[in-house]
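Reading through the C-alpha cells given below for one structure.
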Amino acid sequence: MRKLLLLVFMVMMTTVFGQEKMKLVSGDFEVLRDQADVNVEVKFEDVLFMKENITEAQYLENRKKQVMDNPKRGESAWNEWIGEWEKYKKENYVERLLKGLNASGKKEIFKKDSSAKYTLILNTKWVFPGWHAGLIAMPTEMSGNIQLVETNNPSVVLATVELNKYDRFSGMDVTIMEYGRLAAAYESIGKVLSRQIKRNLK
C-alpha cells in the first residue's frame with residue numbers, strides 16, 4: 001500500500017512540475033487542426049548560460065580553457081568540440097525537436113524549411129548544460145518560449161508556451177557532451193509539446 005501511495009504521489013508531482021516547466025500562457029493551437037504540415041524553427045541567439053547568466057561567448061571561452069588545460073586533450077580536441085557545437089546549433093537541435101514533435105504521429109506533420117502557413121518557433125533564452133560523470137548525468141535545464149506564428153507575418157502570434165528550466169530527458173545515448181544533452185532536451189520538449197497540442201485539438 002505504501003508503495004502504491006508513493007507511486008501516486010510521484011506521478012502527481014511529476015504532473016505538477018511538468019506543468020510548471022512547460023505551460024501554455026496564451027492562445028491555442030486550433031489553427032493546426034486541418035494543416036497538412038507545420039514549419040519549425042529553433043532560435044539559439046543571445047542565449048545566456050549557467051546560473052551566472054553569462055553569454056555564449058563567455059561560456060565557450062571557459063569551455064575552451066577547460067579543454068586546452070587538459071594535457072590529454074588540447075587544441076585538436078577543442079577544434080573538434082567547437083565544430084560539433086556549431087553543427088548541433090545549425091542542424092541537430094531542430095532535427096531532434098522535429099523527432100520529438102513527430103514521435104507519436106503516423107506521418108510527419110512538423111517539418112523544417114517548409115512553406116507551411118504556420119511556423120512553430122522555439123526561442124532558446126537560457127541554458128544550464130548539465131554534466132556527465134560516467135553512469136550519472138544531470139540533464140540540461142532550458143528556459144525560453146515556443147510561439148506559433150503566421151509564417152508570412154511572424155508578428156501574428158497565435159499561441160505561446162513558456163519553458164521554465166525544462167529538464168525532462170530523452171536520448172540517454174547522447175549525454176556525454178553538452179550539445180548532446182541539449183539535443184536530448186529539444187527532443188523531449190518536442191514530445192511533450194506534441195501531446196499538449198493534441199490535447200488542445202480534441
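The values are calculated or read from the model by the stated rules, or taken from the named source; none is laboratory data. Quick caveat, the model's predicted, so the values are computed rather than measured. Backbone-built Cβ (ideal geometry, glycine too); neighbour counts: all protein chains shown. These accessible areas exclude ligands, DNA and RNA; they are computed on the full protein's heavy atoms, side chains included. Shrake-Rupley method; radii C 1.70, N 1.55, O 1.52, S 1.80 Å.
Checking each residue in the stretch 124-142 for being open to solvent by 20 Å² or more (accessible area, probe 1.4 Å) and of a type outside the set (V, I, T) picks out K125, W126, F128, W131, H132, A133, G134, L135, A137, M138, P139, E141.
Yes or no: Y166 aromatic (F, W, Y) and under 27 Å from Y118 (Cβ atoms)? In short, yes.
Residue selection: Q19 satisfies the criterion of being at pLDDT below 95 and either open to solvent by 90 Å² or more (accessible area, probe 1.4 Å) or among the β-branched types (V, I, T) (or both). Scan the stretch 166-195 for residues that are open to solvent by 10 Å² or more (accessible area, probe 1.4 Å) and either modelled with pLDDT under 90 or hydrophobic (A, V, I, L, M, F, W, C) (or both) and the total you get is 10. Looking across the stretch 131-187, the residues that are among the polar types (S, T, N, Q), outside any loop (DSSP other than H, G, I, E, B) and in contact with a strand residue (DSSP E or B) (Cβ under 8 Å, 6 or more places away or on another chain) come down to S143, N145, Q147, S155, T160, N164. Checking each residue in the stretch 69-124 for being touching a helix residue (DSSP H, G or I) at 6+ places or on another chain (Cβ under 8 Å), in a loop (DSSP other than H, G, I, E, B) and without any contact (Cβ under 8 Å) to a residue 40 or more places away in the chain picks out N70, R73, G74. The single condition from (1) under 15 Å from the mean Cα position of the chain (by Cα); (2) assigned to a helix (DSSP H, G or I); (3) not charged (D, E, K, R) that V127 fails is (2). Restricted to the stretch 22-52, and to residues there that are in a loop (DSSP other than H, G, I, E, B) and either open to solvent by less than 80 Å² (accessible area, probe 1.4 Å) or touching a Pro at 6+ places or on another chain (Cβ under 7 Å) (or both), the residue that is farthest from P154 (Cα to Cα) is M50.
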